[in-house]
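Note sheet for the following structure.
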C-alpha cells in the first residue's frame with residue numbers, strides 16, 4: 001500500500017491550524033489518522049482563567065466547591081435562589097453548579113444577608129471562586 005504523504009502533511013497542517021489533538025480522514029479503502037500530544041501550556045487561556053478573584057472586605061464569600069457552570073435558579077425562567085439584600089441561613093441553597101451533567105446544590109456557609117452576587121446565570125466557575133458575599 002502506498003501512503004500519500006500530501007494527505008498526511010495536510011492533516012498535520014489542520015492539527016496545527018485548528019489546535020486539534022487528533023484528526024481522521026477516510027476515502028474508499030484508505031483511512032489515515034494523525035494525532036499529536038498537546039501540552040497544557042499551548043492551550044489558549046480560557047475565559048475562566050482571565051477572571052480576577054474578587055475580594056469583598058465587608059462580607060464572607062461563599063465559594064464554589066467544584067468546577068462547572070453556575071445557575072442562579074433551579075430552571076430557566078424560575079425564581080432565583082437568592083437576590084442581593086435577601087437574608088440567607090446556613091445550609092440554604094444559594095445556586096446550582098452543574099458538573100458532568102450533575103446538578104450540585106451549593107449551600108450558604110453562613111447566616112446573613114446577601115451583599116453581592118459575583119456572577120451571572122450560566123457562567124463557568126472554578127473551584128474556590130467566590131459566588132456570593134454574605135454580611
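Quick notes on this structure:
- The residues 11, 131, 72, 20, when put in order of fewest to most other Cβ atoms within 10 Å, stand as 20, 11, 72, 131.
- Here the residues 29, 80, ranked from fewest to most Cβ neighbours within 10 Å of their Cβ, fall in the order 29, 80.
- Whole-number D in µm²/s for the range 57-134 (Stokes-Einstein; Kirkwood sum over Cα pairs; 20 °C, 1.002 mPa s): 175
- As a length-normalised measure over Cα pairs under 8 Å and 6 or more apart, the relative contact order of the range 57-134 settles at 43 percent.
Every number here is computed from the coordinates shown, using simple stated rules; none is lab data. What you see is a predicted model; the values in this text were computed from it and never measured. Counting neighbours? That spans all protein chains shown, and the Cβs are built from the backbone with ideal geometry, glycine included.
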